[in-house]
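Data first, discussion second: the structure below is written as structure tokens.
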Amino acid sequence: MNMIKSRILDRYILRELLPPFFLSIAVLTLALFLQKMFRLVELVTSKGSTLAATGKLILYILPGFLMITVPLSLLVAALTAFSRMSADSEVTAMKASRVSLYAMIRPVFTFAVILFLVTAFIANVLAPRANSALKAHLFSLVKSRAMVGIEAGVFSSTFDGMVIYVDRMGSLDDMQGIFISDERTAAEPYAIIAKQGKLITNPESFSVTLDLQQGAVHLPPKTETGYSLMSFATGKLNLDLQQGLVRRKESAGRDIDETDSIELLRQLRTARAAGTPSRGAEVELHKRLSVSYACLVFGIVGVPLGIRKTRTGKSAGVAVAIAVILVYYLILGTGANLAESGALSPASAYWLPNGLITIVTLLLVVKKGQEISFGITARLGRWMRRLRDLFRKGPGKP
């Protein structure tokens, strides 16, 4: 009979978790997509990209977002569900029926383990493959002119920090009258004027280069009487394929986010054996593992935080979730910056926040469990009080 009641309770709590979980995933993922949305809309409306090609871009970007939104959504779901049950006195009814906090946590922990496995698969396998496929897809868009956005007689600002103007253009291999304003390095901006040029693509390295001929580079004036001018017969200007659609990395670790964790671990061992620098691979590996682990603690910590004595409702759960998320990612971001600069080891940078939130979670569960548990916790408390009274009285005393 108790087993049947436990299953009914587990199914009920799980049903309370699912709606806010999927709603949170939708809202958080949409929020992350907003920073990419303008670029995607521009691809469709002004650069000639098809809806199918843009849809592929969205699918390739999505796994990277889910790595972040799944743990956060689980925290929001647990807090929202238990805040609602507390406000409606359902937790009080469970306490009156001698249901302990640990029994309430059981379905949440099961759900968290499932999401942990899903997030681990996304972070270690799916997201790296999606990043590689995204780069290949961007390259195919460049070859179809949709991504480049260079049109005759139009100033194009497709590439961050650059403005490109072409007077006449038969194709990407035949451009006449080229003007380029390059302000990617704010301290040393310059302008390039070339008689003709063409776009060179490298399928192996996914690089795109603008090959210029018969031109000149105009540098900012150093004095009031003149400025520097350098002429060239041929010149090459590298263009950034991934501008605005995928995260940027330093050149030393450009391909790390496209390598699955098994291969990354193999590269890390090889680099350590050879004595070569391996910090980039180590940082990426610990980041993927810590993101997966966050699902476990985020789900569990939401239960004691959501249970309150006052009638606060769902909004309080969302507010607490936002506070926990801000603190967690503030510590995580600080540690990640220290790890990338070499001031802190990657393991310490990514596992210190998880260690802190794990300790806080255990303390909250134990504290809240003592308040509402009528099982072994209460009995242990009575035994401890009896022993304390016995020692205070001393042997032989009545």
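Number of residues in the range 325-370 that are within 30 Å of THR92 (Cβ to Cβ), in contact (Cβ under 8 Å) with a residue 12 or more places away in the chain and either outside the structural domain of ALA112 (by TED's automatic domain parsing) or in contact with a Lys or Arg (Cβ under 7 Å, 6 or more places away or on another chain) (or both): the value is 9. Residues that are modelled with pLDDT of 90 or more and hydroxyl-bearing (Ser, Thr, Tyr) within the range 95-129 comprise THR110, THR119, listed in sequence order.
From THR276, THR310, which residue is part of a loop (DSSP other than H, G, I, E, B), modelled with pLDDT under 80 and closer than 30 Å to VAL366 by Cα?
Working: THR276 fails: closer than 30 Å to VAL366 by Cα.
None of the others qualify; the one that does is THR310.
Taking the range 67-119 as the range and being among the polar types (S, T, N, Q) and surrounded by fewer than 15 Cβ atoms within 10 Å (Cβ to Cβ) as the test, the residues that pass are SER89, THR92, SER97, THR110. One residue stands out in the range 39-53 among those that are at pLDDT 75 or above and surrounded by fewer than 17 Cβ atoms within 10 Å (Cβ to Cβ): the one that is nearest to ILE122 (Cα to Cα), namely ALA52.
Here is the figure for the range 94-108: residues that are without any contact (Cβ under 8 Å) to a residue 12 or more places away in the chain and either among the acidic types (Asp, Glu) or assigned to a loop (DSSP other than H, G, I, E, B) (or both) total 1. Over 14 Å from THR80 (Cα atoms), modelled with pLDDT of 80 or more and among the hydroxyl-bearing types (Ser, Thr, Tyr): does that describe SER345? Yes, satisfied.
How many residues does the range 345-368 hold that are closer than 24 Å to GLU284 by Cα and among the β-branched types (Val, Ile, Thr)?
Our first condition is that a residue be closer than 24 Å to GLU284 by Cα; within the range 345-368, this holds for 345-358.
From the residues that got through so far, the ones that are among the β-branched types (Val, Ile, Thr) too are 357-358.
Selection size over the range 345-368: 2.
Candidates in the range 1-23 are the residues that are out of contact with any Leu (no Cβ under 7 Å at 6 or more places or on another chain) and buried (at least 17 other Cβ atoms within 10 Å of the Cβ); of these, the one that is farthest from PRO63 (Cα to Cα) is LEU9. Residues in the range 313-340 that are at pLDDT below 75 and surrounded by fewer than 19 Cβ atoms within 10 Å (Cβ to Cβ): 6 in all.
The values are calculated or read from the model by the stated rules, or taken from the named source; none is laboratory data. Predicted model, so just to flag it, every value in this text is computed and none were measured. Heads up, the Cβs are rebuilt from the backbone with ideal geometry, glycines too, and the neighbour counts pull from every protein chain shown.
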